[in-house]
1. Return the residue satisfying two criteria in turn: it lies in segment 67-76 and is modelled with pLDDT of 95 or more and either closer than 30 Å to GLY117 by Cα or surrounded by fewer than 17 Cβ atoms within 10 Å (Cβ to Cβ) (or both), and of such residues it is nearest to the chain's Cα centre (by Cα).
2. Take segment 77-115 and flag every residue that is of a type in the set (D, E, K, R) and in contact with a Leu (Cβ under 9 Å, 6 or more places away or on another chain).
3. Of the conditions (1) surrounded by fewer than 15 Cβ atoms within 10 Å (Cβ to Cβ); (2) assigned to a helix (DSSP H, G or I), GLU129 clears all except one; give me its number.
4. Of the conditions (1) in contact with a strand residue (DSSP E or B) (Cβ under 9 Å, 6 or more places away or on another chain); (2) not in a strand (DSSP E or B), ILE54 clears all except one; give me its number.
5. So LYS25 fits all but one of (1) at pLDDT below 95; (2) assigned to a helix (DSSP H, G or I); what number is the exception?
6. Restrict the check to segment 89-101 and report whether at least one residue is closer than 27 Å to LEU16 by Cα, assigned to a loop (DSSP other than H, G, I, E, B) and modelled with pLDDT of 95 or more.
7. Tell me which of these ALA18 doesn't satisfy, since it passes every other one: (1) over 16 Å from SER67 (Cα atoms); (2) touching a residue at least 12 places away in the same chain (Cβ under 8 Å).
8. Hey, could you check segment 102-112 for residues that are in a loop (DSSP other than H, G, I, E, B) and touching a residue at least 40 places away in the same chain (Cβ under 8 Å) and say which is surrounded by the fewest Cβ atoms within 10 Å (Cβ to Cβ)?
Amino acid sequence: MDNKLDEALVKNFPNLYADRNGDMKSTLMCWGFECQDGWEPLIRELSEKLEKLIVEYKKEYPSAEHSPRAMQVKEKYGTLRFYMTTSTAEMESLIDEAESKSAKTCEDCGAIGKLRGGGWLRTLCNKCETERKEKNVW
């Protein structure tokens, strides 16, 4: 993901992405958002919901040693994967919903897309799929 988009997500959702620049021994967020820019709106929408739930969690469990945080955000097998250090059932439901939406959202541009093969699995719109084929990029 573009550095500016990455930085904006981290700034806007400090509780969720508290480990963004953490040590690789403790988090995979040190690698950033491992997907293309087209999913940023999907990730942003999910992040808004999760950030609110994390704030509530911290109020409810003020003495908790660890609050929920993103551990890894990436593409895998053509769809979004969003892993948390810990989470509630409500958080997991929101994550499942976003991951399902990613299978219908072009990872490159954010348009309506579909899961495609041809090497690596990718969720792409028709335009981005055509460009990928023309460039012979998997």
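The values are calculated or read from the model by the stated rules, or taken from the named source; none is laboratory data. Because the structure is predicted, anything quoted here is derived from the model rather than measured. Neighbour counts are summed over all protein chains in view; Cβ atoms, including those assigned to glycine, are modelled from backbone coordinates with ideal geometry.
1. Step one: filter segment 67-76 for residues modelled with pLDDT of 95 or more, giving 68-76.
Applying the additional criterion that residues be either closer than 30 Å to GLY117 by Cα or surrounded by fewer than 17 Cβ atoms within 10 Å (Cβ to Cβ) (or both) yields 70-76.
Numbers: ALA70: 9, MET71: 10, GLN72: 8, VAL73: 4, LYS74: 6, GLU75: 8, LYS76: 11 Å.
The extreme case among them is VAL73.
2. Just the residues of segment 77-115 that are of a type in the set (D, E, K, R), to begin with: 81, 90, 92, 96-97, 99, 101, 104, 107-108, 114.
Result: GLU90, GLU97, GLU99, LYS101, LYS104, GLU107, ASP108, LYS114.
3. Against the list (1) surrounded by fewer than 15 Cβ atoms within 10 Å (Cβ to Cβ); (2) assigned to a helix (DSSP H, G or I), GLU129 comes up short only on (1).
4. (1)
5. That leaves (2) as the condition not met.
6. Here is the first cut: in segment 89-101, the residues closer than 27 Å to LEU16 by Cα are 89-101.
Pick out the ones that are also assigned to a loop (DSSP other than H, G, I, E, B) and you get none.
Scanning segment 89-101, I find no residue that is closer than 27 Å to LEU16 by Cα, assigned to a loop (DSSP other than H, G, I, E, B) and modelled with pLDDT of 95 or more, so the answer is no.
7. It is condition (1) that ALA18 fails.
8. So in segment 102-112, the residues in a loop (DSSP other than H, G, I, E, B) come out as 103-104, 106-111.
Cutting the leftovers down to touching a residue at least 40 places away in the same chain (Cβ under 8 Å) gives us 106-111.
Numbers: CYS106: 22, GLU107: 22, ASP108: 21, CYS109: 15, GLY110: 17, ALA111: 13.
In this case the residue turns out to be ALA111.
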